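Visitor: There's a structure below that I have some questions on.
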Amino acid sequence: MWRRLSVLATRAARAPRRLCARRSSGAGPWAPGSTIFALSSGQGRCAIAVIRTSGPASGLALSSLTASREPPPARSACLRLLRHPRSGEPLDRALVLWFPGEGPIQDPTAPVTRSQPPPGLRPGHAHCLTLFFAVQGPQSFTGEDCVELHVHGGPAVVSGVLQALGSVPGLRPAEAGEFTRRAFAHGKLSLTEVEGLADLIHAETEAQRRQALRQLDGELGQLCRGWAETLTKALAHVEAYIDFGEDDNLEEDVLEQADKDVRALEAALGSHLRDARRGQRLRSGAHIVVTGPPNAGKSSLVNLLSRKPVSIVSPEPGTTRDVLETSVDLAGFPVLLSDTAGLREGVGAVEQEGVRRAHQRLEQADLILGVLDASDLASPSSRSFLDTVVAPLVAQSPDSCGQRLLLLLNKSDLLPASTPDGATALLGVPHLLLSCRTGAGLDGLLQALKTELAAVCGDPSTGPPLLTRARHQHHLQSCLDALSHYQLATDLALAAEALRLARRHLSHLTGGGGTEEVLDLIFRDFCVGK
């Protein structure tokens with residue numbers, strides 16, 4: 001009996017493991033069997049440039065450029081004189097590395113096994129990435145035969161070596177992202193890990209780097225595979241009950257256990273989907289809008305935070321008429337900072353349009369920086385701002401997913417030196433004192449921004465993996481929608497089908513069954529040579 005149940009479990013588990021191996025149809029640029037080459041280091045003059053190849057003709061390319069019948073020892077750097085294969089002209093003395101690969105793409109239905117990094121080596125580190133996939137047995141980053149040529153970085157040297165490689169039969173220039181796509185096709189990286197690698201390359205802040213490393217290390221993929229295993233086990237139990245429900249050897253609580261596991265999975269999926277798009281904000285940047293009445297110091301604050309003259313600063317009220325935006329790294333988090341027109345009424349048509357756009361930006365903000373003149377809190381414009389903007393935000397529930405607010409009282413240097421807090425004590429709203437002119441209070445503001453941004457974007461150092469792309473949310477939501485049709489009491493066959501559909505969406509998230517259009521969109525973000 002249990003042997004038959006094991007067969008069912010194996011059959012159910014086969015589909016989600018078809019994650020990484022895939023063949024390209026036709027003879028397009030992604031067709032297996034061709035050998036590609038590209039400059040993998042940055043463009044321009046530099047000390048060392050790295051040129052690499054991938055494909056079955058990599059060994060031929062190496063022997064053609066080094067005039068050697070035998071390749072150097074695998075994964076060992078050797079100094080070689082490079083010559084043009086046709087003219088024999090010396091090109092450069094270079095360090096040469098030979099990475100023998102694993103051969104052709106395997107059967108998509110075959111189980112995929114992935115080696116673990118050796119002790120002390122973290123594959124998330126960018127400088128270890130290629131070597132991690134090269135040191136584990138007969139492997140390379142792409143799973144194919146690969147060569148790396150570490151040449152001098154002069155433009156003439158790089159151009160000469162690339163032209164020499166182009167003259168070797170069977171070699172062609174690589175497309176953007178083709179090395180990584182071949183690694184995905186050979187099961188070296190799941191699709192979520194590929195996205196983590198792309199995010200790591202484009203990371204501009206500390207928080208983005210940490211999040212990208214976690215995704216490149218496979219945390220999100222491992223979480224999804226764990227969920228898929230839960231669904232596989234539940235599906236096996238349901239199918240076993242359908243086929244062998246009359247058998248006395250089948251445990252009575254097998255359906256109850258499957259139902260318990262599915263309900264726990266629904267709760268876990270719901271928790272990840274309720275993260276208020278924190279991961280996407282961390283990847284693309286949180287939107288902070290600076291607002292307040294005219295002449296409160298909004299433009300001075302934007303210039304202070306961005307450390308450059310983004311906005312014109314003038315004592316004349318209403319200087320800012322349009323929305324000015326700049327990308328800023330605040331406390332390690334990516335931020336789109338918006339300076340808006342002062343909120344007031346009874347102004348000209350141009351300023352009215354600026355005020356309208358300011359209100360529009362307020363509705364789109366993830367975090368609002370409200371700025372008031374600390375020396376002029378009793379003015380009509382300040383009281384109006386407190387009543388119409390600050391009060392509704394302060395009144396919202398702390399547990400809600402609404403907009404967050406930091407209230408700043410600027411021009412604190414104009415307050416009485418003896419009791420600077422006395423003038424603001426009657427405000428009755430949490431606030432921070434700041435002087436954009438002297439910089440007093442800036443450290444406290446940056447610490448408060450770090451706390452608020454960690455709540456808006458999530459802390460990449462702790463907690464479960466974040467969903468960094470709309471694609472992740474779509475497949476998890478589709479999985480949860482499929483599980484909503486899972487009703488054991490109604491029809492076991494329909495319940496089993498709901499589990500299959502839910503598991504299929506999880507498989508799509510990590511790369512199984514994705515369409516070529518989706519893959520093209522993901523790999524399009526990579527540069528040539530990666």
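Laboratory data are not the source of any read-out in this text; all were calculated from the coordinates shown. Remember, it's a predicted structure, so these values are computed and weren't measured experimentally.
Visitor: In sequence order, what are the phi-derived ³J(HN,Hα) couplings for region 358-363 according to the Karplus relation 6.51 cos²θ - 1.76 cosθ + 1.60 with θ = phi - 60°, rounded to whole Hz, with x for glycine and proline?
Guide: 5, 4, 5, 5, 4, 5
Visitor: Rounded to the nearest Å, what's the spacing between the alpha carbon centres of region 299-322 and region 429-508? Just the number, please.
Guide: 34
Visitor: Enumerate the calculated ³J(HN,Hα) couplings along region 161-170 in order (Karplus 6.51 cos²θ - 1.76 cosθ + 1.60, θ = phi - 60°), each rounded to whole Hz, writing x wherever the residue is Gly or Pro.
Guide: 5, 5, 5, 5, 5, x, 8, 7, x, x
Visitor: Tell me, what HN-Hα J-couplings in whole Hz come from the Karplus equation 6.51 cos²θ - 1.76 cosθ + 1.60 at θ = phi - 60° for each residue of region 337-343, using x for Gly and Pro?
Guide: Once rounded to whole Hz, the list reads 9, 10, 9, 10, 5, x, 7.
Visitor: Mind checking which lysines have their Cα closer than 21 Å to the Cα of LYS411? Skip sequence neighbours fewer than 8 apart in that chain.
Guide: The reachable lysines, counting only those whose Cα sits under 21 Å from LYS411, are LYS298, LYS308.
Visitor: If I take all pairs of Cα atoms in region 267-420, what percentage of them are more than 26 Å from each other?
Guide: Details: 3511 of 11781 pairs.
Cα-Cα pairs of region 267-420 separated by over 26 Å account for 30 percent.
Visitor: Let me ask something else. Given H placed on each backbone N at 1.01 Å, which residues far from LEU432 in sequence or on other chains put an amide H within less than 5 Å of it?
Guide: The answer is LEU407, LEU408, LEU409.
Visitor: Name the lysines eligible as straight-distance cross-link partners of LYS260: C-alpha to C-alpha under 28 Å, and not fewer than 8 places from it in the same chain.
Guide: The reachable lysines, counting only those whose Cα sits under 28 Å from LYS260, are LYS233.
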